Amino acid sequence: MDAAAARGAVGAAMRCQRHRGPDESGTWTGGEAVFGFNRLAMIDLEHSHQPLVWGPPEAPGRYTLLFNGEIYNYLELRAELAERHGARFSTDGDSETIVAAYHHLGDAAVTRLRGMFAFLIWDSQRQVLFGARDPFGIKPLFYAVGPGGVAFSSEKKSILELAPVIGVRQELDRRALQHYLTLQYVPEPATMHTQVHRVESGHSFTLVPGEEPVIRRYWTPRFAPTPVHGQAEADALHDRIADVLSDSVRVHMRADVTVGSFLSGGIDSTAIAALARRHNPDLVTFTTGFERQGYSEIDVAAESAAAIGVKHVVRTVSADDMMSALPLIVWYLDDPVADPALVPLWFIAREARKHVKVVLSGEGADELFGGYTIYREPLSLAPFERVPGALRKIMGKVSTKIPEGTRGKDLLRRGALSLEDRYYGNARIFREDQLQQVLRTYDPRVGHRDVTAAAYRESAALDPVTRMQHVDLYTWLRGDILVKADKVTMANSLELRVPFLDPEVFKVAATVPLEQKITKETTKYALRQAMRRIVPEHVLNRRKLGFPVPIRIWLRSEMYDWARDIVLQSQTDALIDKNAVLRLLEEHRAGTLDHSRRIWALLVFMLWHGIFIERRIAPVVPEPRYPVKL
């Protein structure tokens, strides 16, 4: 790769993800490597600049680091490295801790990091690049390999800027499209471009110039449910959960800037906010919702904020807000994610950034402690497990003859399937038969088992509910939940931290037995019991609502013309049968069937295609302008 061309391309790549780090920018060139970084300063604001050059006394400047994220145990790790290995530090930040740990501990250093991270370390002495991504996939890391070199970035749009320099084609991946229309996201390690990939969660890699990255998994989640006998053991488990979560919130509050918290009407975010309030009496919380009954947690969140004694900020979102903002949000996303909840999340992130620079949130609690309503499905389908296999197949065939929308059709269909066939995450957008109606490029060889097979093999000895949690850690959590959390907050130069997704919290959550997760009355039973002295009573046993978005109603009214125009203007005819999409829209408008999630998935893809493939849609991207010390 020509050095001048590489530096110019890196500069352009940095500009298109300026929102991720508006505080300062820096570049570094050395040998085979060109580094560029946009910093969002959280810790050691005046120092810890990046790219960060570090080395031991005998080889100063040996290593250069790029790091996105936060290491919450950096103080403890710094002290250990200094005491045991004589490590020296010239800053007070967490970035230096990573590279010092790598020098003294080698590749194993990544297993000692408690935090969210994606980082690269160039070793100028060995001429080797080492990198890693955090265990849960909280922070993103994209890469592409071409004849002109290898590019890494926190955002795919930056990789696309570098594509001409490294010789990478910008082609749509039709296999990824089919997965997206099934799952509502593109599963790792793929992206919607054939030659751009993601380093998967819990993976590290080494790269020698002129070769491809050698990627390896360094962390595998291991659920190990442990029986609880008697009330004393149950109480001890609940105390361990409360203690480890309290400690996680404590270290997640480490920052030299103001930390706030998102707050919905559920137990997860309320627990985080209540624990954070102990460390910051002036905590500010933020919530969003809609002025439509049944689609908002604003009142409950306000009651919770008053009960735990925090200042509270509310942002309501209208249909007009969503329609006007969606193209820009899709640009920020890099790849389509058909989760309507990311739109109100974007608005509340924008509002929060007026007050704070970091927010805590409750993502991950459902996957770790068994919170999704769908996790109760094995209980409702238990009678089907006693039906002989041949008869279950007949039941499945009978279900196909029942008209769409008929009560019991989906229960019969799913009851006829094995767990591996029926469960592939919380969102199930298009079934195979539905895909064939809208997708011109349908490939019967592509299915959800491509995505879930490894997770099911790893969890074969576990109970069905825990297997579903294990699958979600590799699919739904890192494909939907964490992507939208990172992308829409960083779009507003706001850092989101997730105390539930902490290795120490996972160690305790992994031991929770089935009966402490799912009961006939509730989900997340052990977590609710652990939080009974922490969260207000009105939240403790409230059913999960999340961020419900009234697109079902709006696509029949306010959003109908807007949606129809997106379909008609889209140049996706070679991929999508637009007449079939318009039929879905008309059926939905008539109220005969609810196609809202399928329509939304198609609309988001068509907008994405218009931005990144057709180049027909060019959202106006605002220049981030925020003070450093907020």
Practice task
With 10 Å bins from zero, work out the P(r) of the chain over every alpha carbon pair and list the percent per bin.
Solution key: 3, 16, 27, 28, 19, 7, 1, 0
Practice task
List 157, 401 from most exposed to least, where exposure is judged by having the fewest other Cβ atoms within 10 Å.
Solution key: 401, 157
Handout entry: Straight-distance crosslink candidates among lysines, where the alpha carbon sits under 30 Å from residue 507 and sequence neighbours closer than 8 are dropped
Key = 139, 357, 484, 487, 517, 520, 524, 544
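Evaluate Rg over Rh across the stretch 1-87, taking Cα atoms for both radii and Kirkwood's formula for Rh.
Working: Rg = 15.1 Å, Rh = 14.7 Å.
Ratio value, two decimals: 1.03.
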Completion exercise
Between the alpha carbon centres of the stretch 307-332 and the stretch 365-385 the gap in Å comes to 31 Å
Exercise for the section: Could you give me the percent of Cα pairs per 5 Å distance bin for the stretch 510-578, shortest bin first, beginning at zero and ending with the bin that holds the maximum distance? Expected result: 3, 13, 13, 12, 10, 7, 6, 7, 12, 13, 4, 0
Fill in the blank from the handout: Under the Karplus relation with 6.51, -1.76 and 1.60 and θ = phi - 60°, whole-Hz ³J(HN,Hα) for the stretch 384-391, x at Gly and Pro, equal 5, 5, 8, 7, x, x, 4, 5
Completion exercise
HN-Hα couplings for the stretch 340-349 via Karplus (6.51, -1.76, 1.60; θ = phi - 60°), in whole Hz with x for Gly/Pro, come out as x, 5, 6, 6, x, 5, 4, 5, 6, 5
Completion exercise
At the level of C-alpha centres, the distance separating the stretch 455-472 and the stretch 1-45, in angstrom, is 40 Å
Completion exercise
The percentage of Cα-Cα pairs in the stretch 265-376 separated by more than 17 Å is 61 percent
Problem - Partner lysines for residue 393 [C-alpha distance under 19 Å; skip if fewer than 8 residues away on the same chain] - result: 401, 409
Completion exercise
Note to self: C-alpha centroids of the stretch 88-112 and the stretch 191-268 sit apart, in Å, by 20 Å
Exercise for the section: Could you rank the peptides 194-202, 113-121 by their average count of other C-beta atoms within 10 Å per residue, with the highest value first? Expected result: 113-121, 194-202
Fill in the blank from the handout: In Å³ per residue, the alpha-carbon convex hull of the stretch 3-217 encloses 117 Å³
Handout entry: Cα-only Debye scattering, the stretch 545-586: base-10 log of I(q)/I(0) at q = 0.18, 0.26, 0.30 Å⁻¹
Key = -0.58, -0.89, -1.03
Exercise for the section: Return P(r) of the stretch 171-281 (all Cα-Cα pairs; 5 Å bins starting at 0; whole %; ordered from short to long distances). Expected result: 2, 9, 10, 10, 11, 14, 15, 13, 10, 5, 2, 0, 0
Practice task
For residue 41, enumerate residues with amide H under 5 Å from its amide H, sequence gap 5+ or separate chain, H modeled in the peptide plane.
Solution key: 23
Completion exercise
Amide H neighbours of residue 313 at under 5 Å, excluding residues fewer than 5 places away on the same chain, with H built from the backbone geometry, are 285, 286, 287
Fill in the blank from the handout: Residue by residue through the stretch 302-309, the couplings from Karplus 6.51 cos²θ - 1.76 cosθ + 1.60 with θ = phi - 60°, in Hz, x for Gly and Pro, are 5, 5, 5, 4, 5, 5, 8, x
Practice task
May I ask you to list the aspartates and glutamates whose Cα is less than 13 Å away from that of residue 578, ignoring any residue fewer than eight positions away on the same chain?
Solution key: 565, 586
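Every read-out reported here was derived from the displayed coordinates using simple, explicitly stated rules and does not represent laboratory data. Remember, predicted model here, so these are calculated numbers, not experimental data. Virtual Cβ from ideal backbone geometry, glycine too; neighbours counted across all protein chains shown.
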